[in-house]
Amino acid sequence: MSPKIERLTESFLLGEGPHWDVATQSLYFLDCIRQNLVKYNPATNKVTTASAAPKQPTFIIPVQGKSGQFIISLDKELAIINWDGQSDKFSIVRKLCVADGGPGTAQNKFNDGKCDSSGRLWAGTLNIDKEDEDKTLPLGTLYSFDSKRGLKGHVNQVRLTNGIAFNDQTKKMFYIDTLKGTVDQFDFDVTNGEISNRKVWFTLTKNNISGKPDGMTIDTDGNLWVAVFMGSRVIKIDGHTAETLLDTVEIPAQQVTSVAFGGQNLDELYVTTASFEYKGRTPPPPVNGALYRITGTGSKGLPANNFKLD
């Protein structure tokens, strides 16, 4: 593999949650700390942002069959919005639910979110210790949400929910709780929206990889591409054989946060990064915090699943 790595944008504070929209041939993602929705159009190289302040969005996923509508997180709420992808404002169509009402969860927020092939949303919450991330308490929950069953908790005592990926062929879901330092696997029943039999699939320290696992996507071969925060890399791991590293792509940025396949042939890997102060150090722009595109990996992704509202 001899990939080409391009820096596409200037620096964001916390680029996260990339979602390639096939319909508009554009990438939606977030600048979470600045509380912005972001759209990147590769054809024009144009970046558009819309503010969600004072609340923090962490994912944006188009609603199936509803042009200009998206499901987003707003702190620990889920909402449907209208956004034309051009203006700096959006409107809330409907507030769907609020998560985490238990003791000690007042400051909880959603983090990463993805939809499965039925259009059901999976997303987890967290409450990061801002003084020392490693002291973050297990106060989060991994949820699913659909119009019929509403919000349902599946995994509790989560510290830092991140990457989610689905393989319908093998009936597996992959999931990252970043502070565990592992990629985990569940048996996945997409029809009933149930997960079971959690097990560790890949351990970064066992494979001599520094940094922490963050966002994740899956390719057409069933292999996983994982962003490594504070690792300056994206790793490709085997989705069929546990603890197997297949490849590594070095990224100029330190804080690599997430990945998504895009482009007309879904063979371009988009990589979000961050540039916020972490453990007393602030990585300098423009390489840190930029959006990157990797071509020439020899892999292709699957069309991202949109949210089914009704």
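The values are calculated or read from the model by the stated rules, or taken from the named source; none is laboratory data. Predicted, not measured: the structure shown is a model, and the values here were computed from it. Every residue, glycine as well, gets a Cβ built from its backbone with ideal geometry; the counts of neighbours run over all protein chains shown.
General remarks:
- Scanning the range 257-268 for residues that are of a type in the set (A, V, I, L, M) and in contact with a Phe, Trp or Tyr (Cβ under 6 Å, 6 or more places away or on another chain), we see that the one that is surrounded by the most Cβ atoms within 10 Å (Cβ to Cβ) is 259.
- Residue in the range 27-45 that is in a loop (DSSP other than H, G, I, E, B) and either of a type in the set (Lys, Arg) or modelled with pLDDT under 95 (or both) present: yes
Listed here are the residues, each with its yes/no results for (1) in contact (Cβ under 8 Å) with a residue 60 or more places away in the chain; (2) within 23 Å of residue 161 (Cβ to Cβ); (3) basic (Lys, Arg).
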{"residue": "9", "(1), (2), (3)": "yes, no, no"}
{"residue": "38", "(1), (2), (3)": "no, yes, no"}
{"residue": "46", "(1), (2), (3)": "no, no, yes"}
{"residue": "68", "(1), (2), (3)": "no, no, no"}
{"residue": "99", "(1), (2), (3)": "no, yes, no"}
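- Residues of the range 74-85 satisfying the condition of being in contact (Cβ under 8 Å) with a residue 40 or more places away in the chain and farther than 16 Å from residue 56 by Cα: 83, 85
- The listed residue being within 27 Å of residue 21 (Cα to Cα), among the basic types (Lys, Arg) and free of Cβ contacts under 8 Å to residues at least 40 places away in the same chain, out of 180, 171: 171
- Among the residues making up the range 12-29, those that are touching an Asp or Glu at 6+ places or on another chain (Cβ under 7 Å) and of a type in the set (A, V, I, L, M) are 13, 14.
- The range 168-190: number of residues that are more than 21 Å from residue 204 (Cα to Cα) and touching a strand residue (DSSP E or B) at 6+ places or on another chain (Cβ under 6 Å): 3
- Here residue 237 passes the criteria (1) surrounded by 21 or more Cβ atoms within 10 Å (Cβ to Cβ); (2) touching a residue at least 60 places away in the same chain (Cβ under 8 Å); (3) more than 22 Å from residue 306 (Cβ to Cβ) except the one numbered (2).
- Condition broken by residue 266, with the remaining ones in (1) at positive phi; (2) in contact with a helix residue (DSSP H, G or I) (Cβ under 6 Å, 6 or more places away or on another chain); (3) not aromatic (Phe, Trp, Tyr) satisfied: (2)
- Of all residues in the range 51-67, those that are under 15 Å from residue 83 (Cα atoms) and surrounded by 20 or more Cβ atoms within 10 Å (Cβ to Cβ) total 7.
- Test set (1) in contact with a Ser or Thr (Cβ under 6 Å, 6 or more places away or on another chain); (2) farther than 24 Å from residue 63 by Cα - residue 2 fails condition number: (1)
- Only listed residue being surrounded by fewer than 14 Cβ atoms within 10 Å (Cβ to Cβ), within 21 Å of residue 63 (Cα to Cα), at pLDDT below 95 and not small (Gly, Ala, Ser), chosen from 130, 148, 135: 148
- Flag if residue 272 is among the polar types (S, T, N, Q), touching a strand residue (DSSP E or B) at 6+ places or on another chain (Cβ under 6 Å) and touching a residue at least 60 places away in the same chain (Cβ under 8 Å): yes
- Residue check, residue 104 surrounded by fewer than 22 Cβ atoms within 10 Å (Cβ to Cβ), over 18 Å from residue 16 (Cα atoms) and touching a residue at least 12 places away in the same chain (Cβ under 8 Å): yes
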